[in-house]
Every structure is written in structure tokens, then in C-alpha cells.
Amino acid sequence: MRTEVLAIGTELLLGQIVDTNSSWIGENLAVNGIDSYFQTKVGDNLDRIVEAMRLCADRSDVVICTGGLGPTQDDLTRDALARLAGVSLVRDEDMVETIMEMFLGRNRPMPSNNLRQADRPEGARFLDTQPGTAPGLVMEFDGTLFYALPGVPWEMAAMMEGDVLPELRRRAGISSVIVSRTLRTWGLSESAVAEALAERIDALEESQSTTLAFLASGVEGIKVRITAKGADRAQVDSALAAEEAQVRAILGDVIFGVDDETMEASVLKELATRGLTIGVAESLTGGLVGARICDVAGASAQFRGSIVSYASEIKFDLLGVPRGPVISEMAAVAMAEGARKVLGADVGIAATGVAGPVPAEGLPVGTVCLAVVIGDPDDGGVVRSEQLRLPGGRQQVREYSVISLLSLLRGELLALGDGGAPPDSLTTSA
């Protein structure tokens, strides 16, 4: 079964929105053992959309369209499908009622143009899964099956997982279970990860039931995806667990999370295991560290707060940094210790540096100083600092600084041991 993706929207062609939908669909088709040969983008023009659909129908068995199902006049996917099949659009009264109930449930008036979303090409059907007001569509044309999904990523993903992928697996006669697990790493390049796992990959090529793949994810590190195939979920889960153990034995602590687990979630888990709280002092990151920590549900149990000491005077007067240069490991340590004291935390971390676009204090853009203080430095506490030269522009330097700082902290927490009580010099402040 040959499948392809057609992404609809002028904003995709102009680069105003990154087409993450096509990549998500492609990845999940592959994970489910469904061949995908082409991905196409087309703007909001009825003639060109129909032309693209016709090309897709000539070469594929299944076409998954995403985008163009909204209520406005430039949402043309429904119209294009109807023109392609040579049929009229019909208004589905049951769908009208469904959409109206959604607006009533939100206590919002429904604009009349939302009724367009209840239109479907004659002979097409709506998908059962409908997380938003835009229903998905299924239509067959000249032996090719068209699925039309919304452009909103989470709505698209819900329909793919709820309806499209199960239907495609049945049509393709795929009875086996295929599941992936992603191990997230930080600290090694993609080539280094590939080199470390080369022998393991060679060994897996003979089995063909389990595979390893790599995905460089920028400031989120290198992802190692394990995919296993088996007769049932229990068999697949067993294979995934066994392969994960093999990969962990090779890569060790550079693996910080599984699937959607972020570095900040991993750090908070390690802090909770040791009964420790944390305070943050940020300069060049301007609150990004605190924001990422706060993204994790339940962070308040460990997170005391963040001081954005962007101005040097704040570093001197509030955090107790000695007057002088503020981009140094010494300054970063003083910031971390100041955050620990001011915020009443067990752990203090800090980042200072040159985000750009121009050098500062005689240091080139990308120079970053990070520090971690665990417990009282005068009573046997842990003090760790490092200076890095990070790549990229201003925003990339700031984002790399965040995950580098959290990774530095994670390493020091792991060095304390697996759980149990912290050293005697550490007392929980919360």
C-alpha cells in the first residue's frame, strides 16, 4: 500500500509555519509499517490543490491531506475533494448539531461561517474522532483513498491515532504490533552516538524485528529510537525493554529521558528522589531556565524560584557577586550560591555569558559560564562550574545554555548516589 502526505496552506510555502504535520505523519506511518513515498505542499488555491490531489491519486493508494478544513474562505480542502470527484458539497445536519454543541459547551457564540465545517463531498464520510470543530473526512476517488485532516497539529495527531492509522493497518493486512520507544540523550554528537552503537546496530540487522535509528534534535540532543515488531503488545514491550537495557549499558548516563521526558523533568525527578529544592539565577537566559522547570507539572514541590539578574547591579546587590567581571566561572558560582541563599533552596544553579550579537568583556559570542552549588560550600557542599563555547545565534546560545546547565546539575545529582538521604551538610529548606 503506497501512501503519501499532502500538506495544504500558503503559510507553509512562505515559511510562516514549519510543516511539522508531514514529519509527524511520515514518522508514524513508518512506525506502523506503512510505506510512504511522497510528501507535497500546496498553497491555498483551489485549482492547484485539485491538481496536486490528482497527481497524488495517480501514484498512491492512500493520500493523507492536512490543513484547509477551517471555517474561512481560504480553507479549500473540502471544495477541492468535491471538485476532484466531480460531486457537490452537502451539508450534514448531524455535524451542524455537533459543532453547535461544541460552541454551546464553551459558552461562546458560533459564527455562521463555522457551518462550512459541516459540509462534505457527496459520498464522503466524517471520521469518528473529532477533538475540535473541524471534522476529518474520508473519500475514495478512482481507487485512491483520501483522508483530510485539520492542520492543527494536536487535532491531526488525535485523528491519525484514533482512526487513520488503525484503518490503514487493517487495509494493509498488518496484524503484528509495531511500537517505538525514544531514548533522549545529551552530551554526545550524533556521530558519537552512532559510533558507540554501531556493533549493536549490526547485530540487530539479522533479527529485523528490532531496529535502532537516530534523530538529531538540536537543543534537545540526540534521540535514539528503538522500534520493535511482534505478535502482540506484551511481546513488543518485552523486546523494547530488553533493547533499552542494551542501549543504556552502552551509552550510560547521557540518556536522560524516555519518549517525551524532558531534561527538566529528569532533573526534578532526581531532586525529588533526594528531597532537595532548587533556586535559579539567570543572566543571559533571561528566565528560560525557570520557565522550562515550571513547564513540568508538580514542579513547585522542588522549585523555589528564579532570579533574572540581567543587570550587573542585581548580581552584585542581590546575589552577592563580587564587583568586577560578571562573565566568569567565579561569577557563575557566586550567582548560584546567591540564588541558593536568597531563595532558601538546597541547590542553586546559574548561567551567565555572551548571547550576542556582539562580544562582551573581551569574550566572544557563545561564551557561557555555568555553575551548580549543592548544599553549603563552607560545610562540605558540592560546587561545580564550567565554561563553554556554544554555537549559533543569540536564541540558540540561550537555549543551549538552558539544557547544558540542567545537564550539569543532573550529573552532579547522579554523583550523589541513587536516592537516599543527601549528605549531612544538605538540609531541605522547603
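The values are calculated or read from the model by the stated rules, or taken from the named source; none is laboratory data. None of the values given here were measured: they were computed from a predicted structure. With ideal geometry, Cβ positions are generated from the backbone for all residues, glycine too; neighbour counts draw on all protein chains shown. Ligands, DNA and RNA are stripped out before the accessible areas are found, and what is left, the full protein with its side chains, is counted by its heavy atoms. Shrake-Rupley method; radii C 1.70, N 1.55, O 1.52, S 1.80 Å.
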Scope the stretch 42-81; condition over 23 Å from residue 132 (Cα atoms), charged (D, E, K, R) and in contact with a Leu (Cβ under 8 Å, 6 or more places away or on another chain); matching residues: 54, 61
Candidate set from the stretch 39-95 (those that are of a type in the set (Lys, Arg) and open to solvent by 10 Å² or more (accessible area, probe 1.4 Å)); member that is nearest to residue 19 (Cα to Cα): 41
Matching residues in the stretch 338-351 - criterion: being open to solvent by less than 30 Å² (accessible area, probe 1.4 Å) and either within 29 Å of the chain's Cα centre (by Cα) or closer than 9 Å to residue 281 by Cβ (or both): 338, 339, 347, 348, 349, 350, 351
Residue, modelled with the lowest pLDDT, within the stretch 376-396, restricted to residues that are open to solvent by less than 60 Å² (accessible area, probe 1.4 Å) and outside any loop (DSSP other than H, G, I, E, B): 377
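Take the conditions over 21 Å from residue 35 (Cβ atoms) and either in a helix (DSSP H, G or I) or more than 25 Å from the chain's Cα centre (by Cα) (or both) and apply them to residue 123. Does it pass?
Details: over 21 Å from residue 35 (Cβ atoms): yes; either in a helix (DSSP H, G or I) or more than 25 Å from the chain's Cα centre (by Cα) (or both): yes.
For residue 123, the condition - over 21 Å from residue 35 (Cβ atoms) and either in a helix (DSSP H, G or I) or more than 25 Å from the chain's Cα centre (by Cα) (or both) - is met.
Filter the stretch 181-207 down to the residues that are among the acidic types (Asp, Glu) and either within 19 Å of the chain's Cα centre (by Cα) or crowded, with 16+ Cβ neighbours inside 10 Å (or both) and list them by number. Step through it out loud before you land on a result.
Narrowing the stretch 181-207 to residues among the acidic types (Asp, Glu): 190, 195, 199, 202, 205-206.
Scanning the stretch 181-207 gives a single hit, 190.
Looking at the stretch 272-287 only, could you name the residues that are under 23 Å from the mean Cα position of the chain (by Cα) and of a type outside the set (Ser, Thr, Tyr)?
Here is the first cut: in the stretch 272-287, the ones under 23 Å from the mean Cα position of the chain (by Cα) are 285-287.
Within the stretch 272-287, 286, 287 qualify.
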Boolean, residue 8 is open to solvent by less than 10 Å² (accessible area, probe 1.4 Å), within 14 Å of residue 156 (Cβ to Cβ), at pLDDT 95 or above and under 16 Å from the mean Cα position of the chain (by Cα): no
Subset of the stretch 288-316 [open to solvent by less than 10 Å² (accessible area, probe 1.4 Å), among the basic types (Lys, Arg) and under 24 Å from the mean Cα position of the chain (by Cα)]: none
Exclusive hit being open to solvent by less than 60 Å² (accessible area, probe 1.4 Å), in contact with a Ser or Thr (Cβ under 8 Å, 6 or more places away or on another chain), modelled with pLDDT of 90 or more and among the β-branched types (Val, Ile, Thr), set 222, 178: 222
Unmet requirement for residue 320, which otherwise passes all of (1) at negative phi; (2) surrounded by fewer than 24 Cβ atoms within 10 Å (Cβ to Cβ); (3) free of Cβ contacts under 8 Å to residues at least 60 places away in the same chain: (1)
Contacts under 7 angstrom Cβ, first residue in the stretch 384-402 being farther than 19 Å from residue 308 by Cα, partner open to solvent by less than 90 Å² (accessible area, probe 1.4 Å) and in a loop (DSSP other than H, G, I, E, B), 6 or more apart: 389/366; 390/366; 391/366; 393/356
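A quick yes/no check of all residues on (1) in contact (Cβ under 8 Å) with a residue 12 or more places away in the chain; (2) farther than 24 Å from residue 185 by Cα; (3) of a type in the set (Asp, Glu); (4) open to solvent by 30 Å² or more (accessible area, probe 1.4 Å):
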residue	(1), (2), (3), (4)
255	yes, no, no, no
286	yes, yes, no, yes
325	yes, yes, no, yes
335	yes, yes, no, no
Conditions (1) open to solvent by less than 50 Å² (accessible area, probe 1.4 Å); (2) under 22 Å from residue 26 (Cα atoms); (3) in contact (Cβ under 8 Å) with a residue 60 or more places away in the chain: number failed by residue 171: (1)
Test: residue in the stretch 149-161 that is in a loop (DSSP other than H, G, I, E, B) and surrounded by fewer than 16 Cβ atoms within 10 Å (Cβ to Cβ): no
